[in-house]
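Asks: For reference, the structure I am asking about is given below.
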Amino acid sequence: MILRIREAAETVGLSADTLRYYEKINLVPRPALSGGGHRNYVEQDLARLRFVSRAQSLGFTLDEIRQLLRFRESPGRSAKGVRELAKRKCTALEAKRKVLDQMHRELTLLVNLCPGAGVHCPILERMDAKQKR
């Protein structure tokens, strides 16, 4: 099966512009070109793009995905490196989750305190207040 860029993008759930960008930054190699100069995506290209998309959905940055793609080329020798990268990502996500939980609690409190009418608005007052350092 050979797909053009729009079909390939649709198949993997990304935009054609995203696929072009990934090529531009050398995250994925440019697929073979047809006689008319169109990109021809084959299953190997789609598998790599699915991998990139899935890694992004897990919170990995493009640089981290680049590392994962290198690890993917020799998984037996790379298991430890992949595990370490995934552990670091888990730690970073946990820290981010804690910050988001705190933000959610504070905003929920402010919404509950805001009458939604009149001149007093705890939400705006909190945003105007000096930040604690």
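The values are calculated or read from the model by the stated rules, or taken from the named source; none is laboratory data. Keep in mind it's a predicted model, so treat the numbers as computed, not measured. Cβ: placed from backbone, ideal geometry, glycine included. Neighbour counts: every protein chain shown.
Asks: When both residues are 6+ apart or on different chains and their Cβ atoms are under 8 Å apart, which pairs have a first residue that lies in the stretch 92-106 and is at pLDDT below 95, and a second that is basic (K, R)?
Replies: Cβ pairs passing all conditions: E106/R126.
Asks: Could you please find all residues in the stretch 64-77 being surrounded by 13 or more Cβ atoms within 10 Å (Cβ to Cβ) and either in a loop (DSSP other than H, G, I, E, B) or not basic (K, R) (or both)?
Replies: If the condition is that a residue be surrounded by 13 or more Cβ atoms within 10 Å (Cβ to Cβ) and either in a loop (DSSP other than H, G, I, E, B) or not basic (K, R) (or both), then E64, I65, Q67, L68, L69, F71 are the ones that fit.
Rundown of residues vs (1) aliphatic (A, V, I, L, M); (2) surrounded by 14 or more Cβ atoms within 10 Å (Cβ to Cβ); (3) under 28 Å from E10 (Cβ atoms); (4) not assigned by TED's automatic domain parsing to the domain that holds D17, yes/no style:
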site	(1), (2), (3), (4)
S34	no, no, yes, no
G37	no, no, yes, no
V42	yes, no, yes, no
D45	no, yes, yes, no
R48	no, yes, yes, no
A79	yes, no, no, yes
L85	yes, yes, no, yes
C114	no, yes, no, yes
E125	no, no, no, yes
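For (1) of a type in the set (G, A, S); (2) at pLDDT below 95, each residue gets a yes or a no:
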position: A9; (1), (2): yes, no
position: S15; (1), (2): yes, no
position: V28; (1), (2): no, yes
position: A32; (1), (2): yes, yes
position: G35; (1), (2): yes, yes
position: N40; (1), (2): no, yes
position: L46; (1), (2): no, no
position: F51; (1), (2): no, no
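Asks: Moving on to the next point. Answer yes or no: is there a residue in the stretch 38-52 that is closer than 18 Å to A92 by Cβ, assigned to a helix (DSSP H, G or I) and among the hydrophobic types (A, V, I, L, M, F, W, C).
Replies: Within the stretch 38-52, not a single residue is closer than 18 Å to A92 by Cβ, assigned to a helix (DSSP H, G or I) and among the hydrophobic types (A, V, I, L, M, F, W, C).
Asks: (1) under 27 Å from T91 (Cα atoms); (2) out of contact with any Phe, Trp or Tyr (no Cβ under 8 Å at 6 or more places or on another chain); (3) surrounded by 13 or more Cβ atoms within 10 Å (Cβ to Cβ): which one isn't true of T61, the others all being true?
Replies: (3)
Asks: Being under 15 Å from V52 (Cα atoms) and part of a loop (DSSP other than H, G, I, E, B) is the filter here; which residues of the stretch 1-37 pass it?
Replies: Result: G13, L14, S15, I25, N26, L27, V28, P29, R30.
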